[in-house]
């Protein structure tokens, strides 16, 4: 009787990463391989193992074929079961719960990849994610959270600096909202140093403005800015493809840099907390 070929779990891991990251380039960063190595892996999976195409390109988008959709479900199950088995057998102490506080700002941009790789490594660890502005998280009782990601001003960092980057002015690319006088702003709720620095900078530049929209949610501000209703200011890494960065030539003064930091609030010695902290540090490097 003919023996069916087995599927190398590394091929499945790369396949899932391509789907989750939306392409070969970012998937290569996730699995720590070169883009050419990822391409060779998928060629091997398609031609030598499955014997069917898994991806098709359409209008510059990478889409799954029907066979790709079928394989994706099984790939996730296989990788999850493998992770659970290894965790129970090799790391019985990596079972439990960790509590993470993070501003809404970084949830969509950084957290999916971080939690995905952490879950793949430790599938039996539950992560409680508490979303709140940095100003609120900094006042949380230490016993309520294990790790906190926060935005801090330069020189006011407490914990591990994950990255530093400038604050920038943003508006919808297809609108001319930034030409209005006074310019309508969509800003995070006070107290927020992004809001404070942005308003102070406009005051010093003599540019009139009004706070047209205020929210603690980045998603809300992005929706308002994307609709061409206002200009805003936030960290450069949060700028989406449909937005433009405004500068001095558009009448918007430079803004300072800020730090994104990771603070460990729990004094409990825990390999679970240590591991999630390591994944967060790595995730913010990408």
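The values are calculated or read from the model by the stated rules, or taken from the named source; none is laboratory data. Just so it is clear, the structure is predicted and the values come from calculations on it, not from any experiment. With ideal geometry, Cβ positions are generated from the backbone for all residues, glycine too; neighbour counts draw on all protein chains shown.
Quick notes
- Test: residue in segment 50-73 that is assigned by TED's automatic domain parsing to the domain that holds residue 272, surrounded by 14 or more Cβ atoms within 10 Å (Cβ to Cβ) and within 21 Å of residue 11 (Cα to Cα): no
- When residue 166 is tested against (1) touching a strand residue (DSSP E or B) at 6+ places or on another chain (Cβ under 7 Å); (2) surrounded by fewer than 17 Cβ atoms within 10 Å (Cβ to Cβ); (3) closer than 18 Å to residue 283 by Cβ, exactly one condition is not met: (3).
- Within segment 220-264, being exposed (fewer than 15 other Cβ atoms within 10 Å of the Cβ) and in a strand (DSSP E or B) holds for 245, 257.
- Identity of the residue in segment 194-211, in contact (Cβ under 8 Å) with a residue 24 or more places away in the chain and surrounded by fewer than 18 Cβ atoms within 10 Å (Cβ to Cβ), that ends up nearest to residue 110 (Cα to Cα): 197
- Residue match in segment 207-218 (condition: assigned by TED's automatic domain parsing to the domain that holds residue 103, within 30 Å of residue 269 (Cβ to Cβ) and assigned to a loop (DSSP other than H, G, I, E, B)): no
- Counting only residues that are touching a strand residue (DSSP E or B) at 6+ places or on another chain (Cβ under 9 Å) and either assigned to a helix (DSSP H, G or I) or at negative phi (or both), segment 16-47 holds 5 of them.
- Flag if residue 278 is in the same structural domain as residue 121 (by TED's automatic domain parsing), within 19 Å of the chain's Cα centre (by Cα), surrounded by fewer than 14 Cβ atoms within 10 Å (Cβ to Cβ) and closer than 22 Å to residue 163 by Cα: yes
- Verdict on residue 195 being in the same structural domain as residue 279 (by TED's automatic domain parsing), on the phi < 0 side of the Ramachandran plot, in a helix (DSSP H, G or I) and in contact with a strand residue (DSSP E or B) (Cβ under 6 Å, 6 or more places away or on another chain): yes
- Those residues of segment 122-137 which are farther than 22 Å from residue 259 by Cβ and surrounded by fewer than 17 Cβ atoms within 10 Å (Cβ to Cβ), in sequence order: 124, 126, 128
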